[in-house]
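A.B. asks: Sharing a structure below in structure tokens format, with a few things to ask.
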Amino acid sequence: MRSRAQEVVVETPGSQSSLHRANLERVVRAVRLAGSLTQAEIARTTGLSAATVSNIVRELKNGGTVEVTPTSAGGRRARSVSLSGDAGIVIGVDFGHTHLRVAVGNLAHQVLAEESEPLDVDASSAQGFDRAEELVNRLIGATGVDRAKIAGVGLGVPGPIDVESGTLGSTAILPGWSGTRPAEELRGRLGVPVHVDNDANLGALGELVWGSGRGVRDLAYIKVASGVGAGLVINGKIYRGPGGTAGEIGHITLDESGPVCRCGNRGCLETFAAARYVLPLLQSSHGTDLTMESVVRMARDGDPGCRRVIADVGRHIGSGVANLCNLLNPSRVVLGGDLAEAGELVLGPIRESVGRYAIPSAGRQLSVLPGALGGRAEVLGALALALSEMGDSTLLDGTAPSATPAFT
């Protein structure tokens, strides 16, 4: 049996009360990030003994910080622990190519309200943030939540974010937004901490917490839309790289003599898989009003041209995924965006290319799955980002939430 000295390692010696406080925060953090855990799972996650966890959960329950409900685990009765539904509120905001989506959730990982509306791609950043502010205020009013309990906002944008300055880099999806500071702008409007990341990273977070990535520690979320990007999860955490540009799988070179990409190189994966390059292949036979969603729908209905294009896209994506396998050896790849709705029509060719180009040992360990969250992945990932960034001491003190260092 572990001794108390083995349960928690603190960087500096402290009193017994300091040790107890640290243990309280460890338990709250574990529950906050997971949504709900049994007491046995809390013990495994935190390294605390079962008796210590039981005592802490009882204390937190008596203080109104957590709720405990009966459940079962492995056929045995257990108790599920989650943060109290009124302990705090987080907000997710997702700007996409043609949409704005906002969700309001609590710290127990329950979505209280969610709404999406069209967004003009040519709208200025100021117009976009005006719309976001209005939608956030409308949902807060509809749910009747106390604004004082807003712990933070997660914000998703379709482009790279400089991790030092918070500036949005070049984006072909919302061209008028380059050079803006999205988190700073929204923070000024809402008056609460705002944490920003690109849409692929948030899609990865959403699937990791709520979708097809649950239960794994290493995965890649591939989003194919107007561009091609990847959100990388390594050891349970989003990996962004020192400049915030990790995961730009769309700019892996497939053919040095191929089409010129928006990045200036030739033959990038994006030029073989992104919607603006793929849809023109079908326009002469299928009309000019095509979307990736409609192509996927026709492919599922048996259209031979659409099925061929989807299969070709899958094989190209599979080549990029094989490179990821060889470099990072993830255990799971989750395909998001409209293309995921094609199911095995695209997943089969992806696996075929992985089998051909990946190191066999890496390929054998990989599962390739469609995203479970569809178009909600990014906004739910924004909620997860806000949850991951907030501090635990505020929940124990009952004080107003404040910004914390970036989660990496």
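A.B. asks: Along the charge dipole of the chain, pointing to its positive end and built from +1/-1 on Cβ of Lys, Arg, Asp and Glu, which listed residue (228, 68, 277) has its Cα farthest out?
C.D. replies: After comparing all options, I get 68.
A.B. asks: While we're here: Between the alpha-carbon centers of segment 83-105 and segment 126-168, tell me the distance in whole angstrom.
C.D. replies: Each part reduced to its Cα centre gives a spacing of 8 Å.
A.B. asks: How big is the dipole moment of the chain about its Cα centre under a simple scheme where the beta carbon of each Lys and Arg is +1, that of each Asp and Glu is -1, and everything else is neutral? Debye, nearest 20, please. Intermediate values should be presented prior to the final figure.
C.D. replies: Details: 38 positive and 42 negative charges, 323 e Å.
Rounded to the nearest 20 debye, it is 1560 debye.
A.B. asks: When we measure straight from the Cα of residue 223, which lysines land under 27 angstrom away, once same-chain ones fewer than 8 places off are left out?
C.D. replies: Hits, sequence-local ones excluded: 237.
A.B. asks: Among the lysines, select those whose C-alpha is under 26 Å from the C-alpha of residue 61, and discard any that sit fewer than 8 residues away in the same chain.
C.D. replies: Residue 61 reaches 149.
A.B. asks: Hey, another quick one. Which one, 286, 241, 137, is farthest towards the positive end of the dipole of the chain when Lys and Arg carry +1 and Asp and Glu -1 on their Cβ?
C.D. replies: Of the candidates, 241 comes out farthest on the positive side.
A.B. asks: On to the next question. With +1 on each Lys and Arg Cβ and -1 on each Asp and Glu Cβ, how big is the dipole of segment 252-320 about its Cα centre, in debye rounded to the nearest 20? Numbers along the way, then the final one.
C.D. replies: Details: 8 positive and 8 negative charges, 11 e Å.
Charge dipole, segment 252-320, about its Cα centre: 60 debye, nearest 20.
A.B. asks: Once label points are set 7 Å from the Cα along Cα→Cβ at both residue 396 and residue 17, what is their separation, rounded to one decimal in nm?
C.D. replies: 1.2 nm
A.B. asks: Can you sort 84, 72, 124 so the residue with the fewest Cβ neighbours within 10 Å comes first? It would help to have the intermediate numbers written out before the result.
C.D. replies: Working: 84 17, 72 10, 124 13.
Going from least to most buried by this count: 72, 124, 84.
A.B. asks: Determine, for 298, 292, the number of other Cβ atoms within 10 Å of each Cβ, and report the residues in order from fewest to most.
C.D. replies: Values: 298 19, 292 22.
The most exposed by this proxy come first: 298, 292.
A.B. asks: When the Debye formula is applied to the Cα atoms of segment 4-83, each taken as the same point scatterer, what base-10 log of I(q)/I(0) results at q = 0.14, 0.21 Å⁻¹?
C.D. replies: Debye intensities relative to I(0), on a log10 scale: -0.44, -0.93.
A.B. asks: By how many nm would the segment from residue 33 to residue 49 lengthen if fully extended, with 0.36 nm per residue of separation less the alpha-carbon distance? It would help to have the intermediate numbers written out before the result.
C.D. replies: Values: separation 16, 0.36 × 16 = 5.76 nm, distance 1.98 nm.
Between residue 33 and residue 49, full extension yields an extra 3.8 nm.
A.B. asks: Continuing with this model, one more query. Please give the charge dipole size of segment 214-372, origin at the Cα centre, charges +1 on K and R Cβ atoms and -1 on D and E Cβ atoms. Round to the nearest 20 debye. Present the calculation step by step, with values, prior to reporting the outcome.
C.D. replies: Details: 17 positive and 14 negative charges, 105 e Å.
Dipole magnitude for segment 214-372 comes out near 500 debye.
A.B. asks: How would 95, 272 line up from fewest to most surrounding beta-carbon atoms within 10 angstrom? Could you put the intermediate results ahead of the total?
C.D. replies: Numbers: 95 28, 272 23.
The order, fewest Cβ neighbours first, is 272, 95.
Coordinate-derived values only; no laboratory data. In this text the structure is predicted, and so the values were computed from the model without any measurement. Counting neighbours? That spans all protein chains shown, and the Cβs are built from the backbone with ideal geometry, glycine included.
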